[in-house]
1. Quick one: count up the residues across region 81-99 that are in contact with a strand residue (DSSP E or B) (Cβ under 6 Å, 6 or more places away or on another chain) and open to solvent by 30 Å² or more (accessible area, probe 1.4 Å).
2. Considering only region 175-196, state which residues are surrounded by fewer than 16 Cβ atoms within 10 Å (Cβ to Cβ), in a loop (DSSP other than H, G, I, E, B) and in contact with a helix residue (DSSP H, G or I) (Cβ under 8 Å, 6 or more places away or on another chain).
3. Quick check on this structure: which one of 75, 71 is polar (S, T, N, Q) and loosely packed, with under 15 Cβ neighbours inside 10 Å?
4. When you scan region 231-244, how many residues do you find that are within 23 Å of residue 167 (Cα to Cα) and in contact (Cβ under 8 Å) with a residue 40 or more places away in the chain?
5. Of the conditions (1) more than 15 Å from the ligand (Cβ to nearest atom); (2) assigned to a helix (DSSP H, G or I); (3) in contact with an Asp or Glu (Cβ under 7 Å, 6 or more places away or on another chain), residue 91 clears all except one; give me its number.
6. Is there a residue being within 29 Å of residue 23 (Cβ to Cβ) and either part of a loop (DSSP other than H, G, I, E, B) or acidic (Asp, Glu) (or both) anywhere in region 219-238?
7. State which residue is farthest from residue 107 (Cα to Cα) when the search covers only region 30-76 and only residues that are within 15 Å of the ligand (Cβ to nearest atom) and in a loop (DSSP other than H, G, I, E, B).
Amino acid sequence: MRHLMNPLDFTVEELEKLFDLAADIEANPAKYAHVCAGKKLATCFYEPSTRTRLSFEAAMLNLGGQVLGFSDAASSSAAKGESVSDTIRIVSCYADICAMRHPKEGAPMVAASRSRIPVINAGDGGHQHPTQTLTDLLTIRSLKGKLGGFTIGLCGDLKFGRTVHSLINALIRYPDIHFIFISPPELKVPDYITDMLTEKGISYKEVIRLEDCMPDLDLLYMTRVQKERFFNEEDYVRLKDFYILDKDKLSAAKQDMLVLHPLPRVNEISVEVDDDPRAVYFKQAQYGVYVRMALILTLLEIEV
Ligand code: CP
């Protein structure tokens with residue numbers, strides 16, 4: 001039995017297979033419409049979500065399976081003090097696979113160690129968000145035709161943004177990637193990541209102004225400032241609008257640059273950018289359904 005805790009749990013070859021499956025699902029949805037009949041997905045979300053929870057549920061429904069779960073710790077027995085370990089033992093009696101989001105880093109890992117069914121980390125604190133990374137990689141592969149050979153700017157909250165940490169970890173396995181980290185000093189990418197890049201000889205630079213690197217980018221990955229992970233409101237208010245991507249700033253970008261964002265967005269991308277063909281963040285959310293369908297099939301070992 002396999003779980004997914006970290007994007008690195010799959011080899012590059014396994015990811016290629018997963019992305020090929022996702023592409024086939026996109027092209028031939030009817031072929032997959034009943035392949036999970038009789039199977040159940042539990043979504044155990046101890047932290048708010050729109051995309052991850054609903055795309056997991058849509059994925060299982062698209063495969064002909066069923067879904068159950070909770071979207072708020074307060075409506076589960078966690079509110080009475082039940083541990084994640086006990087909850088997953090119970091969920092293992094009711095479902096065939098579980099997607100879990102938790103504000104505590106490592107909680108899905110604890111669940112996986114006690115589970116009788118595959119557990120998918122659907123985001124744990126500021127740590128990892130592997131299925132967002134699978135979504136990001138599938139989006140890049142589908143729209144750029146390759147995973148490697150580009151300069152990617154990651155902009156915004158690089159300290160608390162788990163999607164950024166997962167994506168960096170995943171991208172370093174592909175050739176010829178150059179990272180540009182764009183953040184205020186208070187929200188810079190953690191040292192353990194830059195130390196790891198230095199150790200592996202992977203090229204990166206850190207800048208504060210988006211304008212200073214826009215023409216160099218093949219991909220721009222925008223992120224929101226993670227209000228829920230700040231210790232005080234004052235720091236959040238000071239930093240929340242540090243970056244706002246608008247038409248004017250985008251005019252300096254390459255014509256084929258892509259703007260990605262895991263969403264939700266707050267103010268960091270002006271809505272006027274949404275109609276630009278380079279803005280692919282809503283398409284990205286759609287790819288999230290295909291890749292989660294492929295992931296469910298893979299972890300349940302269902303061959304089609
Ligand atoms: N991208 C993402 O994780 O969105 P949600 O928090 O809405 O699931």
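The values are calculated or read from the model by the stated rules, or taken from the named source; none is laboratory data. Bear in mind the structure is a predicted one, so any value in this text is a computation, not a measurement. Cβ placement follows ideal geometry from the backbone for every residue including glycine, while neighbour counts extend to all protein chains displayed. Quick note on the areas: whole protein, heavy atoms, side chains included, nothing else; ligands and nucleic acids left out. Shrake-Rupley method; radii C 1.70, N 1.55, O 1.52, S 1.80 Å.
1. Filtering region 81-99 down to residues in contact with a strand residue (DSSP E or B) (Cβ under 6 Å, 6 or more places away or on another chain) leaves 91, 95-99.
Filter once more, so that each one left must be open to solvent by 30 Å² or more (accessible area, probe 1.4 Å): 96.
The qualifying residues number 1.
2. To start, the set of residues in region 175-196 that are surrounded by fewer than 16 Cβ atoms within 10 Å (Cβ to Cβ) comprises 175-176, 185-186, 190-192, 195-196.
Of the ones still in play, those that are also in a loop (DSSP other than H, G, I, E, B) are 175-176, 190.
Within region 175-196, just 190 meets the criteria.
3. Working: 71 fails: loosely packed, with under 15 Cβ neighbours inside 10 Å.
Unique residue meeting the criteria: 75.
4. The qualifying residues number 3.
5. All conditions are met except number (3).
6. Of region 219-238, the ones within 29 Å of residue 23 (Cβ to Cβ) are 219-224.
Next, from what is left, pick out any that are either part of a loop (DSSP other than H, G, I, E, B) or acidic (Asp, Glu) (or both): 223-224.
The answer is yes, given that some residue of region 219-238 is within 29 Å of residue 23 (Cβ to Cβ) and either part of a loop (DSSP other than H, G, I, E, B) or acidic (Asp, Glu) (or both).
7. 50
Table: residues versus (1) farther than 28 Å from residue 188 by Cα; (2) among the basic types (Lys, Arg).
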| site | (1), (2) |
| --- | --- |
| 240 | no, yes |
| 260 | no, no |
| 268 | no, no |
| 289 | yes, no |
